[in-house]
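Chemist: Take a look at the following structure, please.
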Amino acid sequence: MNGVELFLLGRTLMKIGEEAMPEPAGGGTHPGSVRSVLVVASDIATHPDSAIGEIAARTGLPQSQVSNAVARLKEAGSVVTSADPADRRRLLVRQAPEISARVEQVRATTIESALIAMLGADDPRRVQEVTDALDVLARHLNPQTTGRAKK
């Protein structure tokens, strides 16, 4: 496998992950993609008490997308915001102290139906083979290992 094939595989895996995400109850009221919400949520988990601009700088997302993602996460009860003591006009974002119902719902969702849709077949052996391969990748390639990659 070369770098291009790996990049394209990564995009396919992201699409499977996005497809596996359950819709929020009521559909949510804020725009934004699942991808940007997950990127922002991951950044907030790693960097609590960050301002929107800091999250945008680290993730490379436009500030408007970060603001929308934070609004979605806040609506879902996944994050809380507070005024920055140094500058009351800025909001600092951190994970909510309690796990929200939405986070529990997302964590409980499996990828099986998304894999079946992507593979175009309901072959339990094939789905299990792909799931097993993804489990191996997840053990070895995770947010901690990607932090060591060159930027």
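Chemist: Suppose all protein chains stay in the model; what accessible area per residue would a 1.4 Å probe give for the chain, in Å²?
Modeler: 68
Chemist: Counting only residues 5 or more places away or on other chains, whose amide H sits under 5 Å from the amide H of ARG94 once H atoms are built in the peptide plane?
Modeler: When sequence neighbours closer than 5 places are left aside, the close amide H contacts are ASP49, VAL80.
Chemist: On C-alpha positions alone, give me the angle between the axis of helix 3-20 and the longest principal axis of the chain, in degrees, nearest 10.
Modeler: Helix 3-20 sits roughly 70 degrees off the main axis of the chain.
Chemist: Restricting to DSSP loop positions (anything but H, G, I, E, B) with no more than 12 other Cβ atoms inside 10 Å of their own Cβ, which GluC sites (Glu not before Pro) remain in the stretch 1-104? Could the numbers behind the result be given before it?
Modeler: Values: sites: GLU5, GLU18, GLU19, GLU54, GLU75, GLU98, GLU104; in loops: GLU98.
Within the stretch 1-104, the qualifying GluC sites (Glu not before Pro) (loop, at most 12 other Cβ atoms within 10 Å) are GLU98.
Chemist: Given [x] 17.3, 57; [y] 18.5, 72; [z] 17.0, 49 as candidate values of Rg and Dmax of the Cα atoms in Å, which corresponds to the one derived from the coordinates?
Modeler: The value matching this structure is [x].
Chemist: Multiply the residue gap between ALA96 and THR110 by 0.36 nm, knock off their C-alpha separation, and tell me the result in nm, one decimal place.
Modeler: 2.7 nm
Chemist: May I pose another question? Rounded to whole Å and ordered largest first, report the semi-axes of the equivalent ellipsoid of the stretch 63-123 derived from its Cα gyration tensor (root of 5λ).
Modeler: 35, 14, 6
Chemist: Could you work out the helix-only [θ] at 222 nm for the chain, with each DSSP H run of four or more residues adding -39,500 (n - 2.57) and the total divided by the number of residues, to the nearest 500 deg cm²/dmol? Walk me through the numbers on the way to the answer.
Modeler: Working: 8 runs with 89 residues, N = 151.
That calculation yields -18000 deg cm²/dmol at 222 nm.
Chemist: I've got another one for you. May I ask you to give the percent of accessible area on the stretch 24-115 that is carbon plus sulfur, with a probe radius of 1.4 Å?
Modeler: Using a 1.4 Å probe with all protein chains present, the stretch 24-115 comes out at 54 percent carbon and sulfur.
Chemist: Now for a separate question. How much FRET efficiency would the formula 1/(1 + (r/R0)^6) give for ALA117 and LEU141, where r is the Cβ-Cβ distance and R0 is 25 Å, rounded to 0.05?
Modeler: 0.60
Chemist: Okay, next question. Can you work out the Karplus-derived ³J(HN,Hα) for every residue in the stretch 88-97? Use 6.51 cos²θ - 1.76 cosθ + 1.60 with θ = phi - 60°, whole Hz, and x for glycine or proline.
Modeler: Residue by residue, the stretch 88-97 yields 4, 7, 8, 9, 9, 10, 8, 4, 5, x Hz.
The values are calculated or read from the model by the stated rules, or taken from the named source; none is laboratory data. The structure presented is a predicted model; accordingly, all values stated were derived computationally and were not measured. Virtual Cβ from ideal backbone geometry, glycine too; neighbours counted across all protein chains shown. Just so you know, the surface numbers come from the protein's heavy atoms only, side chains and all, with ligands and any DNA or RNA stripped out. Shrake-Rupley method; radii C 1.70, N 1.55, O 1.52, S 1.80 Å.
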